[in-house]
Amino acid sequence: SYPLRQLYLWNMETKQQTLFTDAEHDCIWPAVSPGGSRIVHYLRRHAERPLEFLAIADSSGENERELASVAIVTDDTITRPTGFPHWSPDGSEIAWLRTIQDRESNETDWEILFVSSDGSSWHSMPLDKKFRWGYFDWVE
């Protein structure tokens with residue numbers, strides 16, 4: 001067992017912190033939308049599992065819901081997020097790096113996964129086999 005990781009909002013004027021997520025699960029790696037009205041973060045409902053979902057909520061912490069499954073464990077592969085989620089400049093999509101590890105060969109492929117901010121659609125962009133680690137951001 002380990003302590004839950006929670007998200008807090010910090011008010012720069014009052015120097016006060018407010019619990020953003022009052023949940024019984026880990027909430028980590030937040031990203032604020034352009035305009036500041038929404039926040040996405042990863043969450044894990046079970047300590048023994050990898051990060052499970054990308055969740056989205058209003059910046060007040062209200063209306064939290066799961067947006068996409070981010071960790072998938074099958075007999076053949078383990079897929080997990082790697083690094084913070086990123087909002088598109090217009091707030092219509094969220095993207096993150098993820099790894100897909102073959103359980104038998106231990107080889108790892110990387111891709112960028114994109115999901116619409118309402119969760120209605122997604123697509124992925126495989127990265128070159130030489131890719132091992134990196135950072136990405138949106139370019140207009």
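The values are calculated or read from the model by the stated rules, or taken from the named source; none is laboratory data. Source: prediction; values computed, not measured. Ideal geometry is used to build each Cβ from the backbone, glycine not excepted, and the neighbour counts take in all protein chains shown. Note: accessible area is taken over every heavy atom of the protein model, side chains too, but ligands, DNA and RNA are not part of it. Shrake-Rupley method; radii C 1.70, N 1.55, O 1.52, S 1.80 Å.
Indicate the gyration tensor shape class of segment 60-140 (rounded, prolate or oblate), computed on the Cα atoms with a ≥ b ≥ c the square roots of the eigenvalues: a/c under 1.5 is rounded; otherwise a/b larger than b/c is prolate and the rest oblate. The shape class here is oblate.
Among 75, 58, what's the order by accessible area (1.4 angstrom probe), most exposed first?
75, 58
For segment 96-140, the list of trypsin sites (Lys or Arg not before Pro) that fall in a loop by DSSP and count at most 14 other C-beta atoms within 10 angstrom reads 103, 129, 130, 132. Does segment 1-126 classify as rounded, prolate or oblate by the C-alpha gyration tensor (a ≥ b ≥ c root eigenvalues; a/c under 1.5 gives rounded; else a/b over b/c gives prolate, otherwise oblate)? Oblate is the answer for segment 1-126, as a/c is 1.5 or above yet b/c matches or exceeds a/b. Annotation note: trypsin sites (Lys or Arg not before Pro) in segment 28-93 located in DSSP loop regions with a Cβ neighbour count of at most 16 within 10 Å are 45.
Taking 0.36 nm per residue of sequence separation and removing the Cα-Cα distance, the residue 15/residue 103 pair yields an extension gain of 27.0 nm.
Within the chain, the longest segment free of exposed loop sites, counting chymotrypsin sites (Phe, Trp or Tyr not before Pro) that fall outside DSSP classes H, G, I, E and B and have at most 15 other Cβ atoms within 10 Å, spans 1-130. The GluC sites (Glu not before Pro) of segment 84-126 that DSSP puts in a loop, and whose beta carbon has at most 16 other beta carbons within 10 Å, are 104, 107.
Judged by the gyration tensor of its Cα atoms, with axes a ≥ b ≥ c, segment 47-97 is oblate; a/c meets the 1.5 cut and b/c is at least as large as a/b. Taking amide H as placed 1.01 Å from N in the peptide plane, the amide H of residue 99 sits under 5 Å from that of 80, 82, each at least 5 places away or on another chain.
When you restrict to C-alpha pairs under 8 Å that are six or more residues apart and normalise by the size of the chain, the relative contact order lands at 13 percent.
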